[in-house]
Structures are given as C-alpha cells and as structure tokens.
Amino acid sequence: MNSPIWYPYAQMKNLAAPLEVESASGVHLHLKDGRTLIDSISSWWCKIHGYNHPEITQVAKDQLDTLEHVMLGGLTHQPAQKLADKLVEITPEGLNHVFFADSGSVGVEVSLKMTLQYWINQDRPEKKKIATLTRSYHGDTLGCMSVCDPFNSMHKAFSHILMPQLFLDTPTSGFEANQIQLEKEIDELNRFIKNHHHELAGFIVEPIIQSVGNFNFYSPEYLQAIHNTCKENEVLLIFDEIATGFGRTGKWFAANHASITPDIMVLGKGLTAGYFGHSATLATSKVFEAFWGNEDKLAFMHGPTFMGNATVCAVALKGIEIFERENYLDKIAHIEDSLKSYLLDLQSDKIHSTRVLGAVGVIQVKDSHSLEGLQDFAADRGVWLRPFDHVVYTAPPYIINDESLEKIALTMREWFIK
Ligand SMILES: Cc1ncc(COP(=O)(O)O)c(C=O)c1O
C-alpha cells in the first residue's frame, strides 16, 4: 500500500487498504463506503464506553474551554488531583501513589524504572533483572520489549540487543485450573523465584489474561502464588493491568480475583475511556518510601511532558463515574453469560479451544491459516473483528446491547460452521 502513514504491525508492501472510518457512535463504526460495523474489540480494548459517549465528550469539551493542558512540573490542577484520589480509592488497597504517563508502554517503562531504582536506592544494585512469564506482552518500547515473550513475540529479532531478563514458562492450566497441573506449575514458579531472587528486582505479569499471548487465561490461585513467592523472596510484583483493568476480566481489576495488592500496578486503555492515550502507574507506600529522603539522588527522575493532562484526567474521571453509576460490572457479567452460551459449545475440526472470561470471548484455532479471510468475512456481515496469530476474539464495549452481541457471536460461529 502506498501511503505516508506507516501503519502498525504490518508489512506495508502487502497491506490491504485500511477501512476508512468517518465517524463512530455507541458500538458502531461508520465507514466512508457507507457500511456500519459493530466494533467487537473496542479499538484494541480501550473503548469500554463505546464511541462518542455524550457525557464524556461533553466533559472533554468543557475541560478544553477551561484548561486543556499544563505541565505537572511545579504546577498542578484539580482534574489530576481528583483522578489520583479516585484511582487510589478504586484499586486494590495500599496502592496510594499515582504516576501519570502518556501511553501504556510508557506506563510499563515507568514501572520497570521504579522497580530497578527501588533497589538502587537501597544499595542493592545486584537486584537488576525483571522476571516474567512466556507469552507476555507489555508494549513496544525497548524496556517493554525486554519483558515480552522472547521466542514467540514480534520482537524476537531484537533479543541480542534488549536487556536480558528472566522468563518462566507460563501456566497452561487455565482459569479454573486443573489442580494437579496447577500444583506442578506453582512448584516450578517457587523454584524459579528461589533460584533467582538474589538478582531479581521485580516480576511483571499480565494478571489472569495474557492478551497478545493467544489469550492464555490462568487462575487466581496461580496469581496468589506469584504474590506469595515474590513477597517471601524480596521481589517487587508488578501487575500490568493495561488490558485487564477496568472490568475486562469481570472484576474492576484482575488483581481482585485473587484479592491481592501488587507493589506496582499499571493502568491504561479503558482508563481514559479510549479518548486519549494515557497511563497511571500506581505504587504502594513501601515502594514510594524508597524514593523519599533528603538526598536528591533518591528521587524518581521521570516526567513525560503530557503526564496528567487535564483533559485526559477530566475524561477519565467521568468514565469512572459512569462505570460506577451504570453498574458496569453487572453489564460485564451479562456479556460473560451471553458469550459463554454462544461460544463455549462451538466445535469444529479447526478449533483448538474456546474460552470466555468477563467481557472477553476467545476462539483459538489449531492452524492460524484457518483465520485468513475472516476479517473481510466479518466486515461483510457488519462486524469489525481482527484475528491474530491463532485467535479470533471479541472484547466489546460494555454498553453493547444483546442484539449487537449476538451479531458478533453468530459471525464468529458462522466462520467455523459454514
Ligand atoms: C498488557 C499490555 N501492556 C502494555 C500495552 C501497551 O500499551 P500502549 O499501546 O498504550 O502503549 C498493551 C497494549 O496493547 C497491553 O495490552
């Protein structure tokens, strides 16, 4: 394709012309060619309230008229302060400090840098590696790339350049884990952390759902075990909740499935209702206090220009207000029940497995070639689906109605039962 826009995750030479979106409202994308598509994946998971939500759009306009942006260096403002207070209130108990940044990847970079400096500040520089699970995805900047799966990921070619990190085989025992397999996986986890704790600064995971890693789901018991072993072995635990946060797994945060508080948690995507890129990296007082003192060298030397942007914060606050007021967790439970009824019994010789959790429904195939053509097939039926690797999935906006959800699910089914 010939375009000055360099499109993401694509070989530009072979790229088919992207569909041009002229406007969007609710769960619908209105295309230039006259078609309307239901966005079944919430624009990479972020449009949890759908498009052009009247209240959120209004708040953005009002904030633009008052104070669109101001630096947080030496200055502050109400929207950032209120959002920080709100995030401390809704996230697991103990995450009392909030660092804003301008995208999910930068939020993960902040979490890694915070983790490394936590140990530097305590004169433990030997603790300088980060552990993670295979199949992890944490973003596309260099620090993030170093904690993405080194074998299967799109960043494989960089493995000789990236910071060397430590990878543990991800659990495959599932959300409702097979206990025998789970016990073995937890033993391996404990062994791994014990063997490496002296060099480990932190352990970063996508809790419960590894999205880009073919939507591997794992259990709250395993998450709990990660938490326990990190605590026992002086390893900071980082939850990357950029994709899982704000209800996607059926709870406010995936951490809530195991009732635990990580040392650091990164939020993005749904945080800003999908209106603007932003992230919040939250830390416990234990982490924060390692940066507190009379010496300047203890300070966290980081400060993205657009951190805590006033318009972003006003939008995020409104989104959270609506999430609470409209009982989104009930809506998500309803989406989960519906997706289960449509997808779990689906059988075809092409299908490896199906699974549903919260507002995520996944069909994993045996051979990725069997998904070729599915994107166009769905678009012709009025649904925006974007299969990748071995999965086709839906992660719809929470405002979706039964009719639209059925249309998504039936389109996914129809591809396999033609
Ligand atoms: C788990 C996870 N971490 C980090 C990121 C990176 O976020 P962003 O695309 O906002 O940089 C993503 C994006 O898909 C993600 O799913």
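Assorted remarks:
- Note on segment 293-360: semi-axes of the ellipsoid equivalent to its C-alpha gyration tensor, largest first and rounded to whole Å, are 42, 21, 11.
- Highest mobility in the GNM of the chain, judged by mean-square fluctuation with C-alpha springs under 10 Å and restricted to VAL88, VAL98, VAL70, is found for VAL70.
- Using alpha carbons only: equivalent-ellipsoid semi-axes of segment 164-273, gyration tensor based, whole Å: 22, 17, 12
- Three principal axis lengths of segment 1-148 [C-alpha, angstrom, descending]: 62, 43, 29
- Share antiparallel - DSSP beta bridges, segment 92-240, percent rounded to 5: 15 percent
- With a Förster radius of 30 Å applied to the beta-carbon distance between ILE180 and ASN327, the computed FRET efficiency rounds to 0.20.
- Links that overshoot a 21 Å alpha carbon limit, given the list LYS129/LYS194; LYS61/LYS82; LYS82/LYS286; LYS86/LYS251: LYS82/LYS286
- Neighbour counts of C-beta atoms inside 10 Å place LYS231, LYS129, LYS32 in the sequence LYS32, LYS231, LYS129, starting with the fewest.
- At 0.692 mPa s and 37 °C, Stokes D of segment 333-418 from Kirkwood alpha-carbon radius, µm² per second: 257 µm²/s
- Calculated translational diffusion coefficient of segment 58-324 (4 °C, 1.567 mPa s; Stokes-Einstein with Kirkwood radius over alpha-carbon pairs) equals 69 µm²/s.
- Counting only Cα atoms, segment 151-218 measures 39, 30, 16 Å along its principal axes, largest extent leading.
- Cβ-defined net charge surrounding LYS184, 12 Å radius [Lys, Arg +1; Asp, Glu -1]: -4
- Convex hull per residue volume in Å³, alpha carbons only, for segment 247-325: 115 Å³
- Most mobile listed residue (ASN190, ASN327, ASN294) in the chain, GNM with C-alpha springs under 10 Å: ASN294
- Computed label-point distance, nm, for sites ASP367 and TYR9 using a 7 Å Cα→Cβ extension: 2.3 nm
- The mean sequence separation of alpha-carbon pairs under 8 Å and at least six residues apart, normalised by the residue count of segment 58-324, gives a relative contact order of 30 percent.
- Square roots of 5 times each gyration tensor eigenvalue, C-alpha, segment 58-117, largest first, Å: 24, 15, 11
- Among SER279, SER159, SER40, the largest mean-square fluctuation in a Gaussian network model of the chain (Cα springs under 10 Å) belongs to SER159.
- THR36 paired with ARG124, simple spin-label distance in nm, labels 7 Å along Cα-to-beta-carbon: 5.7 nm
- Length-normalised contact order for segment 222-380 - Cα pairs under 8 Å, 6+ apart - percent: 18 percent
- HIS196/ASN52 FRET efficiency (R0 35 Å; Cβ-Cβ; nearest 0.05): 0.15
- Label-point gap, in nm, between GLN347 and GLU22 - each point 7 angstrom along Cα→Cβ: 4.6 nm
Any read-out appearing in this document is the output of simple, stated calculations on the displayed coordinates, not a laboratory observation. What you are looking at is a predicted structure, and each value in this text was computed from that prediction instead of being measured. FYI the Cβ positions are ideal-geometry reconstructions off the backbone, even for glycines, and counts take in every protein chain you see.
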